[in-house]
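Take this structure, written in structure tokens, and hold onto it; I'll ask about it next.
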Amino acid sequence: MRSKNKRKIIKIGKFLEYRGSLFFLDFEEAPFQPSRVFIVNEVPDGQARGAHAHHECEQFLICTKGKIEVFIDDGYSKNKIMLSPGEGVVQKAKEWGGQTYHNDAELLVLCSHKYDPSDYIRTYKEFREMIENEA
């Protein structure tokens with residue numbers, strides 16, 4: 001059985017000066033070796049994205065702007081985490097997740113695997129069946 005503990009928010013480095021903010025993460029500090037990176041932005045306020053899981057891929061979700069409410073369901077417990085700029089959380093493989101974007105939010109995502117359409121679990125029903133079959 002998986003852990004039912006609350007999620008840990010991971011803070012990445014931030015350098016702030018009069019010219020603006022610079023966020024940084026040395027890859028050896030990442031929770032896994034990234035193979036892919038993408039950014040989600042220009043999402044209308046209050047809009048949800050995600051709503052899927054992966055068989056193998058892990059994702060490190062980092063808020064770079066605005067506020068992002070992250071929802072993660074590991075099949076045993078559900079967590080909602082509000083991320084501010086410079087904060088991130090890991091969504092592991094075989095966890096259902098989604099995000100709601102607020103205040104012109106931007107999300108930087110580091111992935112443990114390259115994009116593979118067959119890695120996606122696209123319906124919650126399929127996710128629940130996978131969890132029940134592994135129990």
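Just one of K92, K125, K114 is among the basic types (K, R) and under 12 Å from the mean Cα position of the chain (by Cα); which is it? Steps first, please.
Details: K125 fails: under 12 Å from the mean Cα position of the chain (by Cα); K114 fails: under 12 Å from the mean Cα position of the chain (by Cα).
From the options K92, K125, K114, the qualifying one is K92.
Here's something else I'd like to know. Quick one: what pairs do we get from region 30-54, first residue over 16 Å from K80 (Cα atoms), second of a type in the set (K, R), C-beta under 7 Å, 6+ apart or different chains?
These pairs meet every condition: S35/K114; R36/K114; V40/R49; V43/R49.
I'd like the full set of residues that are in contact (Cβ under 8 Å) with a residue 12 or more places away in the chain, surrounded by fewer than 17 Cβ atoms within 10 Å (Cβ to Cβ) and part of a strand (DSSP E or B), limited to region 80-97.
M82, the sole residue that qualifies.
When the residues of region 112-129 are filtered to those that are outside any helix (DSSP H, G or I), closer than 13 Å to C57 by Cβ and out of contact with any Pro (no Cβ under 8 Å at 6 or more places or on another chain), which remaining residue is least open to solvent (accessible area, probe 1.4 Å)?
Checking each candidate, the answer is I121.
Can you say whether K14 is touching a strand residue (DSSP E or B) at 6+ places or on another chain (Cβ under 6 Å) and over 26 Å from D119 (Cβ atoms), as far as the supplied structure shows?
yes
Also, I was wondering about something else. Identify the single condition in (1) at pLDDT below 95; (2) more than 17 Å from the chain's Cα centre (by Cα); (3) not β-branched (V, I, T) that D45 does not satisfy, given that it satisfies every other one.
(1)
Restricting attention to region 1-56, which residues are aliphatic (A, V, I, L, M) and either exposed (fewer than 10 other Cβ atoms within 10 Å of the Cβ) or in contact with a Pro (Cβ under 9 Å, 6 or more places away or on another chain) (or both)?
If the condition is that a residue be aliphatic (A, V, I, L, M) and either exposed (fewer than 10 other Cβ atoms within 10 Å of the Cβ) or in contact with a Pro (Cβ under 9 Å, 6 or more places away or on another chain) (or both), then M1, I10 are the ones that fit.
Give the residue, chosen from E42, E69, that is part of a loop (DSSP other than H, G, I, E, B), of a type outside the set (A, V, I, L, M, F, W, C) and farther than 20 Å from K114 by Cα.
Numbers: E69 fails: part of a loop (DSSP other than H, G, I, E, B).
Exactly one residue qualifies, and that residue is E42.
The values are calculated or read from the model by the stated rules, or taken from the named source; none is laboratory data. Since the model is a prediction, treat every value here as computed from it, not as a measurement. When we count neighbours, we look across all protein chains shown, and the Cβ atoms used for this are built from the backbone with ideal geometry, even at glycine. Keep in mind that these areas ignore ligands, DNA and RNA; they rest on the heavy atoms of the full protein, side chains included. Shrake-Rupley method; radii C 1.70, N 1.55, O 1.52, S 1.80 Å.
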